[in-house]
1. With open to solvent by 60 Å² or more (accessible area, probe 1.4 Å) and among the β-branched types (Val, Ile, Thr) as the only criterion, which of Thr74, Thr41, Thr45 stands out?
2. Go over the candidates Gly312, Gly349 one by one and state the one that is on the phi > 0 side of the Ramachandran plot and away from ligand 1 (no atom under 16 Å from the Cβ).
3. Considering only region 105-125, state which residues are crowded, with 24+ Cβ neighbours inside 10 Å and aliphatic (A, V, I, L, M).
4. Give Thr262, Thr236 a once-over and let me know the one that is away from ligand 1 (no atom under 16 Å from the Cβ) and open to solvent by 50 Å² or more (accessible area, probe 1.4 Å).
5. Evaluate region 122-144: report whether one residue or more is under 23 Å from Pro294 (Cα atoms), in a helix (DSSP H, G or I) and out of contact with any Phe, Trp or Tyr (no Cβ under 6 Å at 6 or more places or on another chain).
6. Among (1) basic (Lys, Arg); (2) open to solvent by less than 40 Å² (accessible area, probe 1.4 Å); (3) under 27 Å from Ala364 (Cβ atoms), there is one condition Lys92 misses while meeting the rest; what is its number?
7. Of the residues Leu342, Leu355, only one is within 15 Å of ligand 2 (Cβ to nearest atom), within 18 Å of Leu112 (Cβ to Cβ) and in the same structural domain as Pro269 (by TED's automatic domain parsing); which?
8. With the condition being farther than 28 Å from Asp91 by Cα, I'd like the helices (runs of 4 or more DSSP H) fully within region 268-351 carrying at least 3 qualifying residues.
Amino acid sequence: MSKVSKVWARQILDSRGLPTVETVVQLDTGHTAVASVPGGTSTGTYECVDLRDNDPANYDGKGVSKAVKNVNETLGPGIWGLDSTDQAAIDKRLIDLDGSKNKSKFGANAILSISAANSKAAAMAQNTSLYAWTNTLAKRAGINAALKVPTPVFNMINGGLHGAGNLDFQEFHVIPATSKNYSEALKIGVEVYITLGKNLERRGAIHSVGDEGGYAPNLFTNADALEVLFESIKETTYQIGRDVFLGLDVAASVFYKNGNYTIRDKSTPLSDDALIDYYKYLNSQYHMSHIEDPLHEDAWASWKKLYESFQGQLTVVGDDLLVTNTERVEKAIAEKACDAILVKPNQVGTVWETLLVVKRAREANWKVITSHRSGETNDWFIADFAVGIGSDFVKFGAPARGERVAKYNRLLSIEAELASAK
Ligand code: PGA
Ligand code: ZN
């Protein structure tokens, strides 16, 4: 048994230069592990609370000194002496200490930093890798997961709140075929990314990359972004529909106002039904394989309608809809609203609760996509986590920017380890 002997936290910066929490968990075996937590921008309304200081005089209100204090003074001491290998008990203690339904008292950021650091420390104390240890935890939680490196979903063009402000849809994805092994898939992603960059440059359309490393070009419409992606793939040696597929994270709640969606592709605001019709048109043109958050996070009846009309053609992914929350997943299963979940541990706030959500999704035969956030650190916890739970896909951004590449590179080393273990 390895017991937690000390826990301490500090405020560090994420990839946007905003404060976030980094926590160290030390065990009585002498092992120490560090974890830092990410932060979202297009956060779902029903996510657990990312506790910020809200002091406009410091870090524009985004400081996390209260969350750090909560780790150092209450949450950390609260798990001293507990068995680090009993992740369920550690997480339960953290949840009980907080006592709120949405972790608003001490902060999901504070809580997850401890939960994740503890799982890393437990893996170290048992002399095993984090992905293998996560796999043991996943099995304990009732997930029947085989160890494999997931297929990457590359976010090649950043719009919405992550981009330069002229695309409404948040993410334009390229997804290699699931038959490709991971290093092949990564190479495809990089080659498409390079070709897309040249193409945008030729059109005079690039001015930067966005929060997740994808280009943030000044195009006219969301359809234009799909078009340029489509054309770029045609310039590579890869074939759309065979080697690669397109996808979207629309993050529709962000541009939903007074019952309608305003996008620059259309001169008048669209109803749920009109937006669904527009997706049908886009899919007929660009043959997508999946669509995430196509509708507002509370538009349950329309999600059901969309899922019905795309069933078998498109994987329908819930992110803001589900917020890695068991109750919302139960509702989505009952209502047949989607068939895939975006898994973000910081939406729920502990490792163990994340595993329980994944278990329910698997029982419903859903696809699982493990995801970063738009504000990240170089921590690659999420890469090991994705492998350990047997994710079908990972969404870590474009194959560019250090905090994104840290995760993609970690998957390369896991792929090599798994191959040599065969
Ligand atoms: P976020 O975006 O981290 O800003 O919420 C990621 C996503 O919507 O998938
Ligand atoms: Zn999303």
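The values are calculated or read from the model by the stated rules, or taken from the named source; none is laboratory data. These numbers were taken from a predicted model, which means no experiment stands behind them. Positions of Cβ are backbone-derived with ideal geometry, glycine not excepted, and every protein chain shown enters the neighbour counts. Please note that ligands, DNA and RNA were not included when accessible areas were found on the heavy atoms of the full protein model with its side chains. Shrake-Rupley method; radii C 1.70, N 1.55, O 1.52, S 1.80 Å.
1. Thr45
2. Result: Gly312 is the single residue among Gly312, Gly349 that is on the phi > 0 side of the Ramachandran plot and away from ligand 1 (no atom under 16 Å from the Cβ).
3. Ala108, Ala110, Ile111, Leu112, Ile114, Ala116, Ala117, Ala121, Ala122, Ala123
4. Criteria check complete, one pass: Thr262.
5. no
6. For Lys92, the exception is condition (2).
7. After applying the criteria, what remains is Leu342.
8. Answer list for region 268-351: 272-286, 300-310.
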